[in-house]
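Below is one structure, written out as structure tokens; the observations come after it.
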Amino acid sequence: MGLEPLDHDAYVRYCVRGLDGVRFSDEVDEVTAVYVGRWPHGRIHVRFRHCDYPNVVLEARLKLYDEQGIRLERFLGYVRPELMEQAGTRAYPPVSEAVDGVLYV
């Protein structure tokens, strides 16, 4: 694995800004995004509420880099549609798998 990219912090801010507060579907609200961890294993955690899952917060943990530390290009270009499709089809694990009120998707 190589060195941390010089623009890593800027890239993280860009990706977080592109998801934080963005309602990617009419079924969701209260969307927040934060970066957790360190390069290359850190992830963006996107938390939100879905109207059909009123008693839990859903959280997606999204990688920015692959196993070799190479940036996943067009992150926002594929993550937003993926989250939108998942929300529309309700392709989430059963609510019974929630941990302390959080359902990891």
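The values are calculated or read from the model by the stated rules, or taken from the named source; none is laboratory data. Quick caveat: nothing in here was measured; it's all calculated off a predicted structure. Reconstructed Cβ throughout: ideal geometry from the backbone, glycine too, with neighbour counts over all protein chains shown. With ligands, DNA and RNA removed, areas are computed over all heavy atoms of the protein, side chains included. Shrake-Rupley method; radii C 1.70, N 1.55, O 1.52, S 1.80 Å.
Annotations for the structure displayed:
- Residue match in segment 40-61 (condition: among the basic types (K, R), part of a strand (DSSP E or B) and touching a His at 6+ places or on another chain (Cβ under 8 Å)): yes
- Residue in segment 50-69 that is among the β-branched types (V, I, T), at pLDDT 95 or above and out of contact with any Gly (no Cβ under 7 Å at 6 or more places or on another chain) present: no
- Residue that is in contact with a Pro (Cβ under 8 Å, 6 or more places away or on another chain), modelled with pLDDT of 95 or more and surrounded by 15 or more Cβ atoms within 10 Å (Cβ to Cβ), where the choices are L19, L103, L83: L103
- Considering segment 22-39, and only residues there that are assigned to a strand (DSSP E or B) and under 12 Å from the mean Cα position of the chain (by Cα), the residue that is surrounded by the fewest Cβ atoms within 10 Å (Cβ to Cβ) turns out to be V36.
- For segment 40-61, the candidate set comprises residues that are of a type in the set (V, I, T) and within 14 Å of the chain's Cα centre (by Cα); within that set, the residue that is surrounded by the fewest Cβ atoms within 10 Å (Cβ to Cβ) is V57.
- Applying the condition of being in a loop (DSSP other than H, G, I, E, B) and touching a Leu at 6+ places or on another chain (Cβ under 7 Å) to segment 86-100 and asking which residue is surrounded by the fewest Cβ atoms within 10 Å (Cβ to Cβ) yields P93.
- For segment 14-35, a residue qualifies if it is hydrophobic (A, V, I, L, M, F, W, C) and touching a residue at least 24 places away in the same chain (Cβ under 8 Å), and the qualifying residues are C15, V16, L19, V22, F24, V28.
- Contact map, segment 53-81: first residue of a type in the set (S, T, Y), second residue assigned to a strand (DSSP E or B), Cβ cut-off under 8 Å, separation 6 or more or different chains; pairs are Y53/L103; Y65/R71.
- Residues in segment 62-80 that are open to solvent by less than 10 Å² (accessible area, probe 1.4 Å), of a type in the set (A, V, I, L, M) and assigned to a strand (DSSP E or B): there are none.
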